[in-house]
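K.L.:
A single structure is presented below for examination.
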Amino acid sequence: DAFFDYLATLDASEVTVSAVPEGSVVFARVPFLQVKGPLLVVQLLETTLLCLVNYASLVATNAARFRLLAGPDMKLMEIGLRRAQGPDGALSASKYSYIGGFDCTSNVLAGKLYGIPVRGTVAHSFIMSFTSLEEVQPRELLPRAGGEPVDLASVAESLLRRVCELLQTPPEKANQGELAAFVAYAVAFPHDFQGLLDTYCVMRSGLPNFCAVALALHQLGYRAIGVRLDSGDLAQQSKETRRVLRACGAHFQVPWFGTIPIAVSNDISEQSLEEFRREGSEIDMIGVGTNLVTCPLQPSLGCVYKLVEVNGSPCLKLTEDEEKMTIPGTKMIYRLYDAAGHPFMDLMALEGEPSPRAGQELAIRILGQLGETSKVVPTTVEPLHRTYFRDGQVCELLPSLPEVRTHAQASLSSLSPAHRRLHEPQPYPVAVTERLHGLLTELQQASQ
C-alpha cells in the first residue's frame, strides 16, 4: 500500500530529459536520450521510453535504407497496413516510414491523424466485381469545362477499338468487366483516375482498357494520374507499359500521355530496388509493404536504458563484452565534421569538460581501440543533445512531422558516402575524451 501511495505523489517536474532532435542519425554506443531525476521515477520510465523508441527508430531506419536505394527522385509509398503488427503497429509504421523518407501511405487513418499524403489504387476485387459495361451506373460525366454530361462508357468503348488497332491486339481479349470497372472508377474520381493493370493480362487487357478510359477522360478535360503493376517482371513490364503510353500519346496527339507515372508493388524488398536500378526501368513510384513494416532484415532494435550516475557518483556496468559495457557519468555528446561538411566522428565527454572547438586538436580514444590515443582536428563541432523537458514543462519547441522528415533526410545526406552506403559501409567511429577514458579506467580497476 505504501508503494502505491508513493506513486500517487510522483511529480514530473523532478525529471529532466535531453535528447538528439527527432530525425537525427544516431550511431551505435552514442547515448541519444538522457533522463535525470529521482532513481525510482527514472526507472519507472525505462519500459515506456524503450517501447516508444525501439520500433519507431527501427521502422524509420528501414525506410531510410529503402530511400537510399531508391534515390531521391523515386516516389515511395508505404502500403504495409495489412501486414503490420496490429493497428497500432500499422499507424506507427506509417508515421515513421514517412520520417524515414517515404512520400505517402495507403493508410487513410494515418493520413487523417498525421497529415501524411494518402495514395492508392483500386483493388483487384473491385475490378473483378464487374462483368460488363451494363453494370456501370452512373455512366455520364460532366466535362471539366462545363456543358452537357457525356456517356463515358460509350466513348471509352469506341476508343478501345482504336487503341487495340494501334497496339495490334484483338479487342475481344480486353476484359469487358475490367473496362467497366475502370469507367466506374473514372466517373467517380475523374481527377484521380489510376489503373491497376494486371488483374487479367497487362498487355492484352489492362493497358488497352486503361488507355481507352484515360483518353476518354482527356476528351472531357481530365488527366489520368497513373497506372500500377502488381505482378510479374515489374521492371520489364514498366518498359513495355511506357512504350505503349508513348505510342498512344503520339497517335492520339496527347503529349502528356507518355509521361503518365508508373507505380509498382508486389512484395518489394531492398533486393528488388537494386534489381530495378541494375536492369533499368520506367518506374516512377514503388509501393513497399511487408518488407518495410515488419523489418525482416532486422526484426528488432536493441536500444538500451542504462544507469550511469547515482547521487553524483558515476557508475559502470562491467562485462566481458566491451560492446556491452556502459560508459559512466553524465555526458555531453558532440558530432565532429570535416572540411567537406561530413560528420566523421561522435565524441562523448563528461558534462563538466570544456566543449571541443573547431580547429582545435583533440586527444581522443575510439571505442574498440581504447588502448591507444588518437588525435583529430574537427572543422565544425555540433552539440547533439537538447533539453526538451525540465521543471514539468516542455522547454524546446517540438517539430512537426514534415519538419522531422526534412531533418532526417538532411541528416542522412550529410553523411559521407563511405558511411552511407548499405553494403560494407566504412564503420563510423565513436570516441571518448581522455578524461572520460580515465574515469572509465578508474572504475574498471576499482571493480577488480
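K.L.:
Working carefully through the options Asp338, Asp391, find the one that is among the acidic types (Asp, Glu) and closer than 29 Å to Ala12 by Cβ.
P.N.:
Numbers: Asp338 fails: closer than 29 Å to Ala12 by Cβ.
Only one candidate passes the filter, namely Asp391.
K.L.:
Test Ala60 against the stated conditions and say whether it is open to solvent by less than 10 Å² (accessible area, probe 1.4 Å) and not aromatic (Phe, Trp, Tyr). Don't jump to the end; show me each part of the working.
P.N.:
On the way: open to solvent by less than 10 Å² (accessible area, probe 1.4 Å): no; not aromatic (Phe, Trp, Tyr): yes.
For Ala60, the condition - open to solvent by less than 10 Å² (accessible area, probe 1.4 Å) and not aromatic (Phe, Trp, Tyr) - is not met.
K.L.:
Scan the helices (runs of 4 or more DSSP H) fully inside region 102-206 and keep the ones with 3 or more residues being in contact (Cβ under 8 Å) with a residue 60 or more places away in the chain and assigned by the TED database to the domain that holds Ala224. Reasoning before the result, please.
P.N.:
On the way: elements: 108-114, 124-128, 152-167, 176-188.
Passing ranges, in order: 124-128, 152-167.
K.L.:
How many residues does region 84-130 contain that are open to solvent by 40 Å² or more (accessible area, probe 1.4 Å) and closer than 22 Å to Leu52 by Cβ?
P.N.:
Result for region 84-130: 10.
K.L.:
Still on this structure, please answer the following. Kindly establish whether Ile286 is in a loop (DSSP other than H, G, I, E, B), in contact with a strand residue (DSSP E or B) (Cβ under 8 Å, 6 or more places away or on another chain) and outside the structural domain of Thr48 (by the TED database).
P.N.:
Working: in a loop (DSSP other than H, G, I, E, B): no; in contact with a strand residue (DSSP E or B) (Cβ under 8 Å, 6 or more places away or on another chain): yes; outside the structural domain of Thr48 (by the TED database): yes.
No: the conditions fail for Ile286.
K.L.:
Between Leu76, Leu50, Leu68, which is open to solvent by less than 20 Å² (accessible area, probe 1.4 Å), of a type outside the set (Asp, Glu) and not in a loop (DSSP other than H, G, I, E, B)?
P.N.:
Values: Leu50 fails: open to solvent by less than 20 Å² (accessible area, probe 1.4 Å); Leu68 fails: open to solvent by less than 20 Å² (accessible area, probe 1.4 Å).
Matching residue, one of Leu76, Leu50, Leu68: Leu76.
K.L.:
Let me ask something additional. If you scan region 303-321, which residues turn out to be touching a Leu at 6+ places or on another chain (Cβ under 7 Å) and farther than 11 Å from Val42 by Cβ? Outline the logic, then answer.
P.N.:
Step one: list which residues in region 303-321 are touching a Leu at 6+ places or on another chain (Cβ under 7 Å), which gives 303, 305, 310, 314-316.
The answer is Cys303, Pro314, Cys315, Leu316.
K.L.:
Check off (1) over 17 Å from the mean Cα position of the chain (by Cα); (2) of a type outside the set (Val, Ile, Thr); (3) modelled with pLDDT under 95 for Glu434 and give me the number that stays unchecked.
P.N.:
(3)
K.L.:
Does Phe252 satisfy being touching a helix residue (DSSP H, G or I) at 6+ places or on another chain (Cβ under 9 Å), open to solvent by 10 Å² or more (accessible area, probe 1.4 Å) and over 22 Å from Pro190 (Cα atoms)?
P.N.:
Values: touching a helix residue (DSSP H, G or I) at 6+ places or on another chain (Cβ under 9 Å): yes; open to solvent by 10 Å² or more (accessible area, probe 1.4 Å): yes; over 22 Å from Pro190 (Cα atoms): no.
So Phe252 does not fit the description; no.
K.L.:
I need a count of the residues in region 151-192 that are aliphatic (A, V, I, L, M) and open to solvent by 40 Å² or more (accessible area, probe 1.4 Å). Spell out the reasoning first.
P.N.:
From region 151-192, those aliphatic (A, V, I, L, M) are 152-153, 155-156, 159-160, 163, 166-167, 174, 179-181, 183-184, 186-188; that's our starting set.
Next cut, open to solvent by 40 Å² or more (accessible area, probe 1.4 Å) only: 166-167, 188.
Of the residues in that region, 3 qualify.
K.L.:
With the requirement that a residue be open to solvent by less than 40 Å² (accessible area, probe 1.4 Å) and within 35 Å of the chain's Cα centre (by Cα), what does region 368-377 give you?
P.N.:
Val376
K.L.:
Before we move on, is Leu384 over 31 Å from the mean Cα position of the chain (by Cα) and either in the same structural domain as Ala431 (by the TED database) or surrounded by 14 or more Cβ atoms within 10 Å (Cβ to Cβ) (or both)? Please lay out each step first, then the result.
P.N.:
Values: over 31 Å from the mean Cα position of the chain (by Cα): no; either in the same structural domain as Ala431 (by the TED database) or surrounded by 14 or more Cβ atoms within 10 Å (Cβ to Cβ) (or both): yes.
No.
K.L.:
For region 422-448: of the residues being touching a residue at least 60 places away in the same chain (Cβ under 8 Å) and either of a type in the set (Ser, Thr, Tyr) or assigned to a loop (DSSP other than H, G, I, E, B) (or both), which is nearest to Met325 (Cα to Cα)? Step through it out loud before you land on a result.
P.N.:
To start, the set of residues in region 422-448 that are touching a residue at least 60 places away in the same chain (Cβ under 8 Å) comprises 422, 428-437, 439-440, 443-444, 447.
Next, only the ones that are either of a type in the set (Ser, Thr, Tyr) or assigned to a loop (DSSP other than H, G, I, E, B) (or both) stay: 422, 428-429, 433, 447.
Details: Leu422: 27, Tyr428: 19, Pro429: 17, Thr433: 17, Ser447: 13 Å.
In this case the residue turns out to be Ser447.
K.L.:
Within region 246-283, track down each residue that is in contact with a strand residue (DSSP E or B) (Cβ under 7 Å, 6 or more places away or on another chain) and either without any contact (Cβ under 8 Å) to a residue 40 or more places away in the chain or not aliphatic (A, V, I, L, M) (or both).
P.N.:
Pro261, Ile262, Val264, Ser265, Ile268, Glu282
K.L.:
Is there any pair linking a residue in region 3-26 that is hydrophobic (A, V, I, L, M, F, W, C) to one that is open to solvent by 90 Å² or more (accessible area, probe 1.4 Å), with Cβ under 8 Å and at least six apart or on different chains, and which?
P.N.:
Between residues of region 3-26 that are hydrophobic (A, V, I, L, M, F, W, C) and residues that are open to solvent by 90 Å² or more (accessible area, probe 1.4 Å), the close pairs are Val17/Arg390; Ala19/Arg386; Val20/Arg386.
K.L.:
Let me ask something else. With the condition kept exactly as written, say whether any residue in region 404-414 is assigned to a loop (DSSP other than H, G, I, E, B) and touching a strand residue (DSSP E or B) at 6+ places or on another chain (Cβ under 9 Å). Working first, answer last.
P.N.:
To start, the set of residues in region 404-414 that are assigned to a loop (DSSP other than H, G, I, E, B) comprises none.
Scanning region 404-414 turns up no residue that is assigned to a loop (DSSP other than H, G, I, E, B) and touching a strand residue (DSSP E or B) at 6+ places or on another chain (Cβ under 9 Å).
K.L.:
Hey, among Leu197, Leu217, which residue is in contact with an Asp or Glu (Cβ under 9 Å, 6 or more places away or on another chain) and either closer than 14 Å to Ile127 by Cβ or buried (at least 20 other Cβ atoms within 10 Å of the Cβ) (or both)? Give the steps one after another, and end with the answer.
P.N.:
Values: Leu217 fails: in contact with an Asp or Glu (Cβ under 9 Å, 6 or more places away or on another chain).
So the residue among Leu197, Leu217 that is in contact with an Asp or Glu (Cβ under 9 Å, 6 or more places away or on another chain) and either closer than 14 Å to Ile127 by Cβ or buried (at least 20 other Cβ atoms within 10 Å of the Cβ) (or both) is Leu197.
The values are calculated or read from the model by the stated rules, or taken from the named source; none is laboratory data. The structure displayed is predicted, hence computed values, not measured ones. Cβ sites come from the backbone with ideal geometry, for glycine too, and all protein chains shown count toward neighbours. Please note that ligands, DNA and RNA were not included when accessible areas were found on the heavy atoms of the full protein model with its side chains. Shrake-Rupley method; radii C 1.70, N 1.55, O 1.52, S 1.80 Å.
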